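Quick notes on the structure that follows.
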Amino acid sequence: MAEVKVKQESPDPVQIENRIKELCQQFPHGITDQVIQNDMPQLEAQQRAMAINRLLSLGQLDLLRNSSGLLYRMKDSQTASKMKGSDNQEKLVYQVIEDAGNKGIWSRDIRYKSNLPLTEINKILKNMESKKLIKAVKSVAASKKKVYMLYNLQPDRSVTGGAWYSDQDFESEFVEVLNQQCFKFLQSKAEVARESKQSPMVQRNSSFATSHEVWKYICELGISKVDLSMEDIETILNTLIYDGKVEMTIIAAKEGTVGSVDGQMKLYRGVNAIIQPTGLVKAPCGLCPVFDDCHEGGEISPSNCVYMTEWLNF
């Protein structure tokens, strides 16, 4: 008896494409050819390649490259409209920069991830900058190097240095002013607590202030040209802790309490230093912003310096 062979129908190309898109949606970071092969083992390599190439040509997939090989990822509709008319190399570089987020990426790392020549990458970067698809940002970590990120992103603090940097220069005078004002606020709170004439324990508890209270005080002073966050103020308060001028304690707080994080709240209070610094350390000249212009007989001089007078009276 002759063997009967059942002829298997070839899968519909549209069904293959739809399944590949479904897999990409299940794995937003991208899928490899092996994932497609495991999901549809009945497909021949040529059928997979035809479906993938069609989706790439329609602009529905992005082609990426990582250490394990090629990745296929669903293309965002907004990105597709922005990159309309771009070639595959430009799309690849854009994807690498997009993946870096607001921390940006150096051209050297773009070269490593894209496997494109540096001359070609520089040409692509210049072209995308002119289209305002990406922007170059100087990093405080390396003043002579630029990182690239999408045009509409706000650079991460690790790139710009946050509130403490202006044009890559550390604002030491601004930090010192904030340092003094935060300490002054905590000192005044401690003074009010002492004058209350209550029990020592009540006085101590009353002298504490939350970082939110200190932040609000600094904001109301209007001494900062940039918007400061509570995290910025806590950074300043930490420097005061290291200097032995402030102590911190953490208490439990109800969910939703202003200034609380994960059910905890940081409290700060001014303290007297265990060892008083020497008089020379307190000299105002070391932090004076007009030190270079100060000389006897000039408009700014030691004889008419109000800070020097205060220091000598101390």
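Report the accessible area of E44, computed with a 1.4 Å probe over the heavy atoms of all protein chains in place, in Å² rounded to the nearest 10.
Accessible area of E44: about 120 Å².
Any idea of K123's accessible area? Nearest 10 Å², probe 1.4 Å.
For K123, solvent-accessible area is about 140 Å².
For H212, tell me the accessible area in Å² from a 1.4 Å probe, rounded to the nearest 10.
In the full protein context, H212 sits at about 50 Å².
By the scheme Lys and Arg +1, Asp and Glu -1, what is the net charge of all other residues having a beta-carbon under 12 Å from that of E17?
+2
When only the heavy atoms of the protein chains count and the probe is 1.4 Å, how do C24, C288 rank by accessible area, highest first?
Numbers: C24 5, C288 40 Å².
Highest to lowest solvent-accessible surface, that is C288, C24.
Rank-order 178-189, 153-164 by packing density, defined as the average count of other C-beta atoms within 10 Å over each peptide's residues, highest first.
Values: 178-189: 18.6, 153-164: 16.8.
Ranked by mean Cβ neighbours within 10 Å, highest first: 178-189, 153-164.
Using a 1.4 angstrom probe on the protein heavy atoms only, line up S196, S130 by accessible area, largest first.
From most accessible down to least: S130, S196.
Students often get this wrong, so check it: of K245/K266; K21/K131; K75/K123; K184/K245; K103/K123, which have C-alpha atoms separated by over 19 Å?
Going by Cα-Cα distance, K21/K131; K75/K123; K103/K123 fall outside the 19 Å limit.
The values are calculated or read from the model by the stated rules, or taken from the named source; none is laboratory data. From a predicted model like this one, the values you see are computed outputs, not experimental measurements. For neighbour counting, all protein chains shown are included, and Cβ atoms are generated from backbone atoms with ideal geometry for every residue, glycine included. Keep in mind that these areas ignore ligands, DNA and RNA; they rest on the heavy atoms of the full protein, side chains included. Shrake-Rupley method; radii C 1.70, N 1.55, O 1.52, S 1.80 Å.
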